[in-house]
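Notes to accompany the following structure.
All of the numbers you see were taken from the coordinates with simple rules; none came from a lab. All values derive from a computational prediction rather than experimental measurement. Ideal geometry is used to build each Cβ from the backbone, glycine not excepted, and the neighbour counts take in all protein chains shown.
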Amino acid sequence: MKEFVEGSMAIAKAVQSCKPGVISAYPITPQTHIVEELATMVADGHLNAQFVNVESEHSAASVVLGASATGVRTFTATSSQGLLYMAEVIFNIAGLRLPVVMACANRAISAPINIWNDHQDSMTVRDAGWIQMYAETNQEATDLILQAYRLAEDHDIMLPVMVCVDGYTLTHALEVVDFPTQEEVDRFLPAFDPIFKLDPKDPMTMGVLAEPSCYMETRYAIHRTMLDALEIIPRVAGEFKKMFGRDSGGLLKGYRLENADSAIIAMGSQVGAVCEVVDELRDAGQKVGALKLVTHRPFPYAAVYDALTHVKEVAVLEKAISLGAEGPLFSDVKAAFYGKGKAPKLSGFVIGLGGRDVTKDSIRKVYRLLAGKPVESEFIDLNVEALKANG
């Protein structure tokens, strides 16, 4: 059923259809509408769940950790400083192999205070052990919520999943979204069947002290599972497409990359503008394509390499920066080609921090820079900055 609905409401409806038993969150802009809608659903009897009001994001994460440990499907959402306040528990959830699903309404990190969109919040916890997926549209955000539960609760994964959605750009934008029926969701997403859970009838211990003789093995186990997920994520996306007819999720999506000499990589809502510029450049006779990265953790190194091995030049556009280094996505893309015999020229651009508009003209300027033409700067050219830093 199609509805013209705000992105936050679409995410809430997707969560509702997944039937979580416990929801806990603390309001922070711009994710508040998601949990407000879920709280209303619970209060009105439209969702059979316990909504736990807490005094902070740290507590919200702790509640879903505890609920998931007892074998209950859970959900939470946050943004920006709220995600950083959760950081201690974020690592614990992954370390305990708990399949929590979270929506992160991406927002800039303070200071200075900024409530608008970029990806610095989720990128800050990219190494916590959570699968991270970035939505281009509200339809994809809705679809990714369903796939997130399938992935998290897969017995070969049992790790949390973060669905990242650009704050305001998607969360507060109205869009036509096609919602599956409850019967369809139930066929796609079976009831939660945890491998281990806290149960007085069958006592066990979770979160034990790991001495140096075994701690490293626990971290490797999560890392190994992340790598295994690179095969499971496309499989779940394929099953979703077969059932619902939409090609959502997966690792990445190429756009007009056939015979391309240049390519632009991006994540999230800016991908739409990138593809429009690609169409315009193609119409003008330029051989350019785009690569949309959906899954950032685990990073699909092999898939990125295979998609771009024929391209001569690649621009990486990202809404985050590792201060004192470079863009984290740029680092990952470079690593995909490290040690390979054939690699394109790679250029990194930090763009749109703090909600600065990423327009089609912005993307055209990136393409002109690739062609060696000077433009008025509105982003950080990481290659230029590296040259300055190294004399």
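Any idea how far the Cα center of segment 103-128 sits from the one of segment 174-203, in Å?
After rounding, the separation between the Cα centres reads 28 Å.
Between R282 and T40, what's the calculated FRET efficiency when r is the beta-carbon distance and R0 is 35 Å? Round to 0.05.
Efficiency, rounded to the nearest 0.05: 0.15.
With 26 Å as the cut-off, how large is the P(r) tail for segment 31-160, expressed as percent of Cα-Cα pairs?
Summing the P(r) of segment 31-160 above 26 Å gives 18 percent of all pairs.
Quick one: helix 215-244 against the long Cα principal axis of the chain, what's the angle to the nearest 10°, folded into 0 to 90?
80
In nm, give the distance between the simple-model label positions of K360 and H223, each being 7 Å from the Cα along the Cα-to-Cβ direction.
The modelled label-to-label distance comes out at 4.5 nm.
Once you place label points 7 Å from the Cα toward the Cβ at S56 and K242, how far apart are they in nm?
So the label points at S56 and K242 sit 4.7 nm apart.
Gap in Å between the Cα centre of segment 26-67 and the Cα centre of segment 304-341?
Using only Cα atoms, the two centres lie 37 Å from each other.
Considering the Cα positions of segment 252-389, please state its Rg to one decimal place and its Dmax as a whole number of Å.
Rg, Dmax (Cα atoms, Å): 13.8, 39.
Evaluate Rg over Rh across segment 85-168, taking Cα atoms for both radii and Kirkwood's formula for Rh.
Answer for segment 85-168: 0.99.
Residue by residue through segment 94-103, which ³J(HN,Hα) values in whole Hz follow from phi under the Karplus form 6.51 cos²θ - 1.76 cosθ + 1.60 (θ = phi - 60°), with glycine and proline marked x?
5, x, 8, 6, 9, x, 6, 10, 10, 9
I want to make sure I understand the PRE zone here: with the label point 7 angstrom from the Cα of D193 toward its beta carbon, which residues in segment 128-157 have backbone N atoms less than 12 Å away?
154-156
State to the nearest 20 debye the size of the charge dipole of the chain about its Cα centre, where the only charges are +1 on K and R beta carbons and -1 on D and E beta carbons.
960
What is the dipole size for segment 252-389, taken about its Cα centre, with +1 at each Lys and Arg Cβ and -1 at each Asp and Glu Cβ, in debye to the nearest 20?
Using Cβ point charges on Lys, Arg, Asp and Glu, segment 252-389 gives about 280 debye.
Positive end of the dipole of the chain, charges at C-beta (+1 Lys, Arg; -1 Asp, Glu), about the Cα centre: which of A343, M204, P112 has its Cα farthest in that direction?
Going by the Cα projections, it comes out as A343.
Which of these, A105, A237, A302, has the largest mean-square fluctuation under a Gaussian network model of the chain (Cα springs below 10 Å)?
Top of the fluctuation ranking is A302.
Using the Cα centre as the reference, give the magnitude of the dipole from point charges on the C-beta atoms of segment 118-201 (Lys, Arg: +1; Asp, Glu: -1; all else neutral), rounded to the nearest 20 debye.
Dipole magnitude for segment 118-201 comes out near 360 debye.
Can you give me the distance in nm between label points at A343 and E231, each placed 7 Å from the Cα along the Cα-to-Cβ direction?
Spacing of the two 7 Å Cα→Cβ label points: 2.7 nm.
At 10 °C and 1.306 mPa s, grab the translational diffusion coefficient of segment 329-373 from Stokes-Einstein with a Kirkwood Rh over Cα pairs, rounded to a whole number in µm² per second.
Using the Kirkwood radius from Cα pairs, D works out to 128 µm²/s.
If Lys and Arg each add +1 and Asp and Glu each add -1, what is the summed charge of the other residues whose beta carbon sits under 11 Å from the beta carbon of V314?
+1
On the first, second and third principal axes, largest extent first, how far apart are the outermost C-alpha atoms of segment 310-349 in Å?
30, 17, 11
Could you list H172, H46, H58 in order of exposure, starting from the residue whose Cβ has the fewest other Cβ atoms within 10 Å?
The most exposed by this proxy come first: H46, H172, H58.
If each residue's Cβ is checked for other Cβ atoms within 10 Å, how do E231, E313 rank with the fewest at the top?
Sorted ascending by nearby Cβ count, the order is E231, E313.
Report the full-extension gain for the segment K334 to D178: residue separation times 0.36 nm, less the Cα-Cα distance, to one decimal in nm.
52.5 nm
Largest first and in whole Å, give the semi-axes of segment 4-81's equivalent ellipsoid, each being the square root of 5 times a Cα gyration tensor eigenvalue.
Gyration-tensor ellipsoid for segment 4-81: 18, 16, 10 Å.
Which value, to two decimals, describes the C-alpha radius of gyration of segment 158-254 once divided by 2.2 N^0.38 Å?
1.49
Of all DSSP beta bridges in segment 2-244, what percent run antiparallel (nearest 5)?
20
Between T359, T171, T137, where does the largest GNM mean-square fluctuation fall for the chain, given springs only between Cα atoms within less than 10 Å?
Residue with maximal mean-square fluctuation among T359, T171, T137: T359.
Neighbour counts of other C-beta atoms within 10 Å: give me R150, R368 arranged from fewest to most.
Taking fewest neighbouring Cβ atoms as first place, the list is R368, R150.
So which residue, out of L230, L323, L251, gets the largest mean-square fluctuation from a GNM of the chain using Cα contacts under 10 Å as springs?
Between L230, L323, L251, it is L323 that shows the largest mean-square fluctuation.
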